[in-house]
């Protein structure tokens with residue numbers, strides 16, 4: 001998709017999209033807590049928790065690209081439990097354990113505990129309330145349909161959103177240009193005369209949230225928090241060299257409320 005000229009922070013915003021995981025809620029913190037408790041309770045006898053976490057991380061690095069292939073992607077879009085259990089099976093194989101029954105127990109425990117540990121960031125409700133009072137809001141999130149809907153329900157924030165763009169429901173996810181086009185089309189139906197640079201995308205991933213929105217001509221706010229990285233990584237995502245800068249770079253969602261374009 002050709003690069004669209006970067007919008008300036010002086011254009012007033014008329015609509016806002018927000019990513020979910022690690023933008024509004026601490027997904028990877030919940031994941032890490034759930035993995036620790038799951039492996040403490042259900043790992044093979046004699047296997048330390050940290051060893052299991054390292055095996056899971058290695059399996060995650062290897063399996064994640066396969067989730068997008070023809071075998072797994074249709075399953076993943078509809079229901080996250082199948083690929084979650086497969087990841088546990090592969091983690092056990094990393095340690096020489098071929099145990100599908102244990103993999104199922106591990107996957108089920110991890111899914112349950114991750115949902116139980118999921119929490120909004122402290123400022124999320126304050127910011128959602130402030131934004132909802134001024135703009136139509138959309139949520140734009142990657143992941144299986146059932147898991148993303150469950151997260152919204154667990155967090156109690158479904159009612160804030162006028163538009164839902166969920167990878168598992170669309171059949172494709174960010175940074176596919178079709179996601180941003182769908183978001184624009186649905187918001188434009190609510191806001192006649194809407195222009196791309198009057199939409200703000202707020203997200204934590206430069207590659208998934210920010211770059212695609214910039215290519216669509218939207219304003220962007222890149223949320224960067226020190227805790228935002230998977231157990232398979234050692235540090236948060238960085239912006240590639242020579243890549244364009246977002247409209248805003250923030251460490252807390254409240255920083256946006258002082259922006260002139262949102263006032």
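A few points about this structure:
- When 227, 232 are checked against the criterion of being surrounded by fewer than 15 Cβ atoms within 10 Å (Cβ to Cβ), under 26 Å from residue 76 (Cα atoms) and touching a residue at least 24 places away in the same chain (Cβ under 8 Å), 227 stands alone in meeting it.
- Checked against (1) in contact with a strand residue (DSSP E or B) (Cβ under 6 Å, 6 or more places away or on another chain); (2) free of Cβ contacts under 8 Å to residues at least 40 places away in the same chain, residue 137 passes all but condition (2).
- Members of the stretch 65-98 that are without any contact (Cβ under 8 Å) to a residue 12 or more places away in the chain and in a helix (DSSP H, G or I): 65, 66, 68, 73, 74, 75, 82
- Among the candidates 55, 34, residue that is crowded, with 21+ Cβ neighbours inside 10 Å, closer than 20 Å to residue 113 by Cβ and outside the structural domain of residue 181 (by TED's automatic domain parsing): 55
- Test: residue 105 is within 30 Å of residue 15 (Cβ to Cβ), more than 21 Å from the chain's Cα centre (by Cα) and either touching a residue at least 40 places away in the same chain (Cβ under 8 Å) or assigned to a strand (DSSP E or B) (or both): no
The values are calculated or read from the model by the stated rules, or taken from the named source; none is laboratory data. Computed from a predicted structure; not experimentally measured. Cβ coordinates were reconstructed from backbone atoms using ideal geometry, including for glycine residues, and neighbour counts include every protein chain displayed.
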